[in-house]
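The values are calculated or read from the model by the stated rules, or taken from the named source; none is laboratory data. Please read all numbers here as calculations on a predicted model, not as lab measurements. Here the Cβ positions follow ideal geometry from the backbone for every residue, glycine too, while neighbour counts run over all protein chains shown. Keep in mind that these areas ignore ligands, DNA and RNA; they rest on the heavy atoms of the full protein, side chains included. Shrake-Rupley method; radii C 1.70, N 1.55, O 1.52, S 1.80 Å.
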Amino acid sequence: KSLRQVVTAVGDGATAATELEKYARLMSEKTGLKPPYTSPSKAPAPSSPTDSTASAKADGGLFSADISAQLDSVFAKMEHPVILKLYLNDSPVSAQLQEYMDAIAERTNKISVIKETSSESTPYVSILRQNGIAFHGVPGGHEFTSFVIGIYNASGTGQRLEEPVLQRIKQISEQKDLKILVSLSCTMCPQLVMAAQKIAAENSLVTAHAYDIS
């Protein structure tokens with residue numbers, strides 16, 4: 001019986017590893033990005049970008065070393081400069097949003113930040129090279145990834161699409177305003193946000209604004 005339990009556990013582990021590999025490969029194909037290779041002997045301790053609140057790291061920055069490396073990998077592939085325009089008020093969320101965007105802009109000379117006082121109740125950030133992409137609230141949690149990919153898509157070619165899909169997007173001939181309501185803990189929301197914002201990046205008649213429902 002004990003041997004059977006071991007065999008079952010090993011089988012479950014192999015299945016989980018295989019599914020994880022498939023998921024990683026799928027996400028790499030969708031985003032066009034590959035994480036930088038790190039020797040297992042030099043791999044940093046695991047950390048996650050999914051914390052919705054900013055916490056200071058050992059180097060005094062907002063992001064851990066491995067997240068910083070992933071950001072640098074994305075920013076290196078940007079084809080054109082991007083401006084992040086912040087619409088701010090006097091709320092704590094506004095201060096947090098400004099801190100996030102300033103920290104992102106500090107990592108590359110391809111991103112700059114401009115700020116404007118807004119009368120709206122929720123502060124938001126718009127990616128100005130592509131006016132139709134914006135996030136209302138602070139893109140933390142699972143939406144941190146989709147926001148970074150939104151910048152990447154707005155900066156040039158971005159994520160690769162199959163030609164038939166790209167042509168269908170370009171054939172949209174009427175104004176379409178997409179509003180995506182997300183929870184920062186939702187694991188499925190980022191794919192919807194990335195898809196909508198990619199469409200907006202490819203067709204100026206489409207806008208895609210994501211809203212943190214909290």
Enumeration of residues in the range 181-192 that are under 24 Å from Arg168 (Cβ atoms) and either assigned to a helix (DSSP H, G or I) or more than 14 Å from the chain's Cα centre (by Cα) (or both)
Cys189, Pro190, Gln191, Leu192
Among Ser41, Ser28, which is the only one that is assigned to a helix (DSSP H, G or I), at pLDDT below 85 and open to solvent by 90 Å² or more (accessible area, probe 1.4 Å)?
Ser41
Those residues of the range 137-158 that are closer than 15 Å to Pro190 by Cα and not in a loop (DSSP other than H, G, I, E, B) come to a total of 11
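What number of residues within the range 135-152 are of a type outside the set (Asp, Glu) and under 13 Å from His209 (Cβ atoms)? Working first, answer last.
Here is the first cut: in the range 135-152, the ones of a type outside the set (Asp, Glu) are 135-142, 144-152.
Remaining after also requiring under 13 Å from His209 (Cβ atoms): 135-137, 139, 146-147, 150.
The number of residues fulfilling the criteria is 7.
For the range 71-116, which positions are among the small types (Gly, Ala, Ser) and open to solvent by 40 Å² or more (accessible area, probe 1.4 Å)?
The initial filter retains those residues of the range 71-116 that are among the small types (Gly, Ala, Ser), namely 73, 76, 91, 94-95, 103, 105, 112.
If the condition is that a residue be among the small types (Gly, Ala, Ser) and open to solvent by 40 Å² or more (accessible area, probe 1.4 Å), then Ala76, Ala95, Ser112 are the ones that fit.
For the range 102-129, which residues satisfy the criterion of being touching a strand residue (DSSP E or B) at 6+ places or on another chain (Cβ under 8 Å) and part of a loop (DSSP other than H, G, I, E, B)?
Taking the range 102-129 and keeping what is touching a strand residue (DSSP E or B) at 6+ places or on another chain (Cβ under 8 Å), we get 102, 104-105, 110-118, 120, 122-129.
Lys110, Ser118, Glu120, Thr122, Pro123, Leu128, Arg129 - these are the residues of the range 102-129 that are touching a strand residue (DSSP E or B) at 6+ places or on another chain (Cβ under 8 Å) and part of a loop (DSSP other than H, G, I, E, B).
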Picking from Leu166, Leu161, which residue would you name as being outside any helix (DSSP H, G or I) and more than 17 Å from the chain's Cα centre (by Cα)?
Leu161
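Going through Tyr124, Tyr152 one at a time, which residue ends up being at pLDDT 90 or above and in contact with a Gly (Cβ under 6 Å, 6 or more places away or on another chain)? Talk me through it step by step, then tell me what you get.
Values: Tyr124 fails: in contact with a Gly (Cβ under 6 Å, 6 or more places away or on another chain).
The conditions single out Tyr152.
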Lone qualifier among Ala208, Ala134, Ala200, Ala195 - being in a strand (DSSP E or B), farther than 21 Å from Pro92 by Cα and at pLDDT 90 or above:
Ala208
Ser173 passes all but one of (1) farther than 18 Å from Leu26 by Cα; (2) in contact with a Gly (Cβ under 8 Å, 6 or more places away or on another chain); (3) loosely packed, with under 15 Cβ neighbours inside 10 Å; which number fails?
(2)
Could we say that Ser68 is assigned to a helix (DSSP H, G or I), of a type in the set (Ser, Thr, Tyr) and crowded, with 16+ Cβ neighbours inside 10 Å here?
yes
